[in-house]
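Since the structure comes first, as structure tokens, the remarks are kept for the end.
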């Protein structure tokens, strides 16, 4: 009995000590979680949990699209669809990086986190915008000439365009952190925005080139140009909104420090989902979709005359006319032989002329009945030569 009482007392002591320790931590987080990552599970900061869930779902969808494209790659036979597969993977990789970078703006900042934020923000957006610009160039070539650049040219163009932003980001970090010995987190919103001017140039160039991709004679590729145009236009709206809020709106509302990270995190999530819905999914669907067969008849197309595409008419209608004409000629020929035989008293003394089904041959009976003149051809034989 005393043993049971001792165990019960020990259990109550453990529960009470755990409750006292949990009271000092954030609601929804564990006991051993570092304070730096409290925002990932703190139920009091609901924006972090919502953005985290949406970013996680976007990351899973992006990984699923990459897996689908990888599995279907051996079955893609069309050269114009197989060339940009590497560019699709590069774009999905950049989109996955945007969803992953969202978590860096949810957790508490330090020197390492701030350096990652400042470097990867511009580089990842430059990668996505470079891929969109390369895709716009490809679609423009397809719409006008029916041929696209090779896959290596598309990937090389995107990487070279992204490399410019990599140099800008490295130079900015070196000048502000190493040379001036300033903390990585001590930067003004205007400095952060000015370091992204090259990304804005890529976005505007993509939007302009997407307009030109809608003009051309190969209309089947114009739907790809429409997807790029919609993606670029929505990205412009997102960038105008977040820069306005980040530079001026938060200061006007006196929430500059509190709303800075949520503004940037929401921008990353919104941009990532725009890339997935309006560009990645349509492009992958168009890539893995088998090309329609050119010989397949389109019975709903009324712009062209209907042609005979089966052997039914040839086997039934044409031989029927031929057999009627042949039967008519054979009957006439037999009647002429009988008449000649009765006149000469014999049916086999007079040789017969060779039978030709396509020439109207008047018989002797027909000449006698017509008064000694050669009759004209029947209506079905009008226009044919005699003999």
Could you run through region 165-185 and say how many residues are at pLDDT 85 or above, loosely packed, with under 14 Cβ neighbours inside 10 Å and touching a helix residue (DSSP H, G or I) at 6+ places or on another chain (Cβ under 8 Å)?
1
Which of the following residues is touching a helix residue (DSSP H, G or I) at 6+ places or on another chain (Cβ under 8 Å), surrounded by fewer than 20 Cβ atoms within 10 Å (Cβ to Cβ), touching a residue at least 40 places away in the same chain (Cβ under 8 Å) and assigned by TED's automatic domain parsing to the domain that holds residue 54: 281, 238, 266, 228?
281
Residue 109 passes all but one of the listed conditions (1) at pLDDT below 95; (2) assigned to a helix (DSSP H, G or I); the exception is number (2)
Go through 254, 320, 308 for me and flag whichever is at pLDDT below 75, in contact with a helix residue (DSSP H, G or I) (Cβ under 8 Å, 6 or more places away or on another chain) and over 22 Å from residue 143 (Cβ atoms).
308
Can you confirm whether region 133-145 contains a residue that is surrounded by fewer than 18 Cβ atoms within 10 Å (Cβ to Cβ), touching a residue at least 40 places away in the same chain (Cβ under 8 Å) and not in a helix (DSSP H, G or I)?
no
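Conditions tested, residue by residue: (1) in a helix (DSSP H, G or I); (2) surrounded by fewer than 17 Cβ atoms within 10 Å (Cβ to Cβ); (3) modelled with pLDDT of 95 or more.
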site: 42; (1), (2), (3): no, no, no
site: 48; (1), (2), (3): yes, no, no
site: 69; (1), (2), (3): yes, no, no
site: 74; (1), (2), (3): yes, yes, no
site: 91; (1), (2), (3): yes, no, yes
site: 97; (1), (2), (3): yes, no, yes
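The values are calculated or read from the model by the stated rules, or taken from the named source; none is laboratory data. What you see is a predicted model, and the numbers here were worked out from it, not measured in a lab. All Cβ positions, glycine included, derive from the backbone under ideal geometry; neighbour counts span all protein chains shown.
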